[in-house]
Protein chains: 2
Amino acid sequence: VRSKDIQVNGFLASGIACGIKKTGKKDLALIVSETPAYVAGVFTKSTVKASTVVVDMKRERSGRSRGVVVNSGNANACTGERGMADTLRVIAATEKALAFNEGDLMMSSTGVIGVPLAVGKIEEALPRLAWNLKSNGWRDASQAIMTTDAFHKITCVKKNVGRTQVTIAAIAKGAGMICPNMATMLCFAATDANIKAKALKAALKEAVGKSFNRISVDNDTSTNDTVLVFANGAAKGPEIKTGTAAFKSFTAALSEALLRLAHLIVRDGEGATRFVELTVKGASNDKQAETAARRLAGSLLVKTALFGGDPNWGRIMAAIGTTNVKFDQSDVDILLGGVKVFSKGVDTGEEKRAAKAMKRNEVSVVVDLKRGKGAFTLWTTDLNYDYVRINSSYRT
Amino acid sequence: VRSKDIQVNGFLASGIACGIKKTGKKDLALIVSETPAYVAGVFTKSTVKASTVVVDMKRERSGRSRGVVVNSGNANACTGERGMADTLRVIAATEKALAFNEGDLMMSSTGVIGVPLAVGKIEEALPRLAWNLKSNGWRDASQAIMTTDAFHKITCVKKNVGRTQVTIAAIAKGAGMICPNMATMLCFAATDANIKAKALKAALKEAVGKSFNRISVDNDTSTNDTVLVFANGAAKGPEIKTGTAAFKSFTAALSEALLRLAHLIVRDGEGATRFVELTVKGASNDKQAETAARRLAGSLLVKTALFGGDPNWGRIMAAIGTTNVKFDQSDVDILLGGVKVFSKGVDTGEEKRAAKAMKRNEVSVVVDLKRGKGAFTLWTTDLNYDYVRINSSYRT
């Protein structure tokens, strides 16, 4: 399906420019279900939460919502009491414009922190936003939630769940501040599956654990991270309950959709020149493998070596040496771009071949600790000049 | 004292080029006491330790050593059994060249990981290294331990401890891979104070806690980090024992010497354009303040904003929000370059003034959590293009 043709039964989406972004680019999105729907969400673990996150977390607990209004260009975070009042005002105005009930909608914001939201501009644009709602409006919405993203991120998965064909459409934004615990990253998914809030939440948690929680660009977490999935049951079919084959099937479809978006976020990692798949295996257990993998993905020295295409396994050893991960350095194997550069604790002399294999857009890093069966894979980027350029001049 | 005039009673130092560095620069240093001396050391906490660190840790436990031979250009880490054999061979050859007893010397190495050490070149150069030993050889030694350092780091503190004037000379290297738990950083200090190993170790631990453990460039820790202090008692005077005023006085002098070197390492932070003093105060306790300060010093987004001179306090709030540090965001004050940009949880509108204050070589960041009396200060750098350049092309 081409991105402009993506549709989910009973869902409408739109995306327009309302003037928050000085560039005149799209900055206001709306996703709604034509009928009552269930919702499940996952939110930033930061103790500094944007007002939208505080409101959404409360509304998500009811398990019911008809959709979400999203602005980009301003995160409305650290804006004090005024920020919260602004959030509630925008939500109420949007609900009114759509003739929804109070409490039907949620809201997300992304962009600069600490600047008051231009509520007037949003309110003025609401009739146009509602007017632009259409079943194939997902691409517009995906463009309207972008900040430093180089491209919009959208996907659609269709899958037979039992005898019912179910559709999941999902959009995401994020290119920087991406880290394991859900970073400035927004993702909105909608499905016509017949699934209630509790099961939907279980499916979402599993899907996020396999996707967004396994990507890392710069180890920073934002105040606004949110993943919401709405389900309106428009595909009909029997209810999808936890513990069934149908639930497994639905969760796999949702995981696939979110993993595709997660990979797109890494590929769009601010200034990233390489898409890096990083695997630690042979650890005592999965948790130890995860600790080592996350440490490697967070090491500036490892990430700059990846940019340079330098098969500097020494930095990998040094980085995992700073963790509590158990291994004997004389056992370890390291493969870079598929080339074994370090074998049983010593250099293999394959540096030139590895350097060649690393100078590609996609690079794999495999560390085998030779201690047990624990393994963990995550996806990350290199660290390069563009990352510095983008992040040192973000607001200027 | 000019660096080439620095001397400590009874100590000799030298630094020469032996051919490990392809550039022909100095790469071999030696520091020895003319008489038996006490030693105390602090070493990397990495589980991946260079063979020199393993040997030194063992010898340091005896509390006695006459000095240390140091090579730069090669870390002799992750070099397997051969690496350990090479270390023992170099130490033995140096002891022999000086007619010392077996076990009298220690060794440090710094440079590239994973490459076998050119032991032949070192052995060939040992007579010349010994011949060059002189009481004012500290500057040569400080130059011979450099790797990516832009300048050599040397200091000298003279202080009256009781009625005895005591001298401490110290040299250090380090510009990258610097982080709280002692990173690719070597420091060698020598004093003529009359202090035995146990008290010397206590003084060293306190001094390191106030200096090297409070600097951070990129949060990476190396396999070779070592701080050694030798004391030969040549200043005479009564023995300095723990718990006395003399001990306090000596520890203050040692702390001052190490803090000067620590600040020089930050100023030489790979590609650093700013020297940043980062203070978190008003925390529930010092430990919480330290957690917040270390998180800020490790945040790529905070560090790139410091490079850009962008008073982006939002990134500071976002970063401390990811920690377990307790605070109420509506209490927090943030000062950048002395300008209050965030007051009781809201923007003060002083952005332009702060941006101007941040575009200096020295920038202070103060975060007041307004919760208690806990405080912690550390020193760090910005993150910029040169950091990426240096670290993506280190070996090529």
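Observations
- Cα-based Rg of region B:303-382 normalised by 2.2 N^0.38 Å, two decimals: 1.05
- Volume per residue of the convex hull around the Cα atoms, evaluated for the protein assembly as shown, comes out as 151 Å³.
- Put simply, the Cα atoms of region B:45-85 extend 28, 22, 19 Å along their principal axes, the longest span coming first.
- Volume per residue of the C-alpha convex hull in region A:124-170, rounded to whole Å³: 90 Å³
- The mean sequence separation of alpha-carbon pairs under 8 Å and at least six residues apart, normalised by the residue count of region A:238-347, gives a relative contact order of 16 percent.
- For B:THR242, label point 7 Å along C-beta direction: distances to other copies, nm: 5.4
- Normalised by the number of residues in region B:1-158, the mean separation of alpha-carbon contacts (under 8 Å, six or more apart) gives a relative contact order of 36 percent.
- All Cα pairs of region B:22-169, percent lying beyond 20 Å: 50 percent
- Here the Debye sum runs over all C-alpha atoms of region B:347-396 as equal scatterers in vacuum, and log10 of I(q)/I(0) at q = 0.13, 0.19, 0.27 Å⁻¹ comes out as -0.57, -0.89, -1.09.
- Pairs exceeding 27 Å between alpha-carbon atoms, taken from A:LYS159/A:LYS241; A:LYS159/A:LYS370; B:LYS49/B:LYS241: A:LYS159/A:LYS370; B:LYS49/B:LYS241.
- Cα-based Rg of region A:226-283 normalised by 2.2 N^0.38 Å, two decimals: 1.60
- Among A:THR377, A:THR348, A:THR23: highest mean-square fluctuation, GNM of chain A, C-alpha pairs under 10 Å: A:THR23
- Debye log10 I(q)/I(0) for region A:90-236, one point scatterer per Cα, at q = 0.09, 0.11 Å⁻¹: -0.32, -0.49
- Set of aspartates and glutamates near B:LYS45 by C-alpha distance (under 13 Å), chain-local residues within fewer than 8 positions excluded: B:ASP220, B:ASP225
- Partner aspartates and glutamates for A:LYS326 [C-alpha distance under 15 Å; skip if fewer than 8 residues away on the same chain]: A:ASP286, A:GLU290, A:ASP368
- Sorted from longest to shortest, the spans of the Cα atoms of chain B along the three principal axes equal 69, 53, 37 Å.
- Calculated P(r) tail over 16 Å for region B:250-330, as whole % of Cα pairs: 60 percent
- When the helices of chain B are scored as -39500 (n - 2.57) per DSSP H run of n ≥ 4 and the total is divided over every residue, the value at 222 nm lands at -10500 deg cm²/dmol.
- Over chain B, relative contact order from alpha-carbon pairs under 8 Å, at least 6 apart, %: 17 percent
- Chymotrypsin sites (Phe, Trp or Tyr not before Pro) restricted to DSSP loop in region A:109-173 with at most 13 other C-beta within 10 Å: A:PHE151
- The other copies place their A:GLU81 label points at 7.4 nm from this one, listed shortest first, where each point is 7 Å from Cα along Cα→Cβ.
- Averaged over A:382-391, number of beta-carbon atoms from partner chains that fall within 10 Å: 6
- Of the peptides A:333-339, A:28-34, the order by per-residue mean of other Cβ atoms within 10 Å, starting with the highest, comes out as A:28-34, A:333-339.
- Legend: mean number of C-beta atoms from other chains within 10 angstrom of residue C-beta atoms, peptide A:295-308, equals 5.
- Between the alpha-carbon centres of region B:224-255 and region B:293-366 there is a gap of 39 Å.
- The fraction of Cα-Cα pairs per 5 angstrom bin, counted from 0 for region B:46-122, comes to 3, 16, 30, 25, 16, 7, 1 percent, rounded to whole percents.
- Members of B:LYS58/B:LYS196; B:LYS248/B:LYS287; B:LYS281/B:LYS359; A:LYS344/B:LYS58; B:LYS205/B:LYS340; A:LYS121/A:LYS201 lying beyond 29 Å, as alpha-carbon distances in this model show: B:LYS205/B:LYS340; A:LYS121/A:LYS201
- With a cut-off of 12 Å between beta carbons, the residues surrounding B:GLY83 carry a summed charge of 0, where Lys and Arg count +1 and Asp and Glu -1.
- Distance from region B:11-57 to region B:78-127 (C-alpha centre basis), Å: 9 Å
- Enclosed volume per residue, in Å³, of the convex hull spanned by Cα atoms of region A:190-349: 146 Å³
- Peptides A:100-113, A:189-202 ranked from most to least packed give A:189-202, A:100-113, packing being the mean of other C-beta atoms within 10 angstrom over each peptide's residues.
Since every read-out is calculated from the coordinates, none of them should be taken as a lab result. Only a predicted model underlies this, so the values are computations on that prediction, with no experimental measurement involved. Every residue, glycine among them, receives a Cβ derived from its backbone with ideal geometry; neighbour counts consider all protein chains shown.
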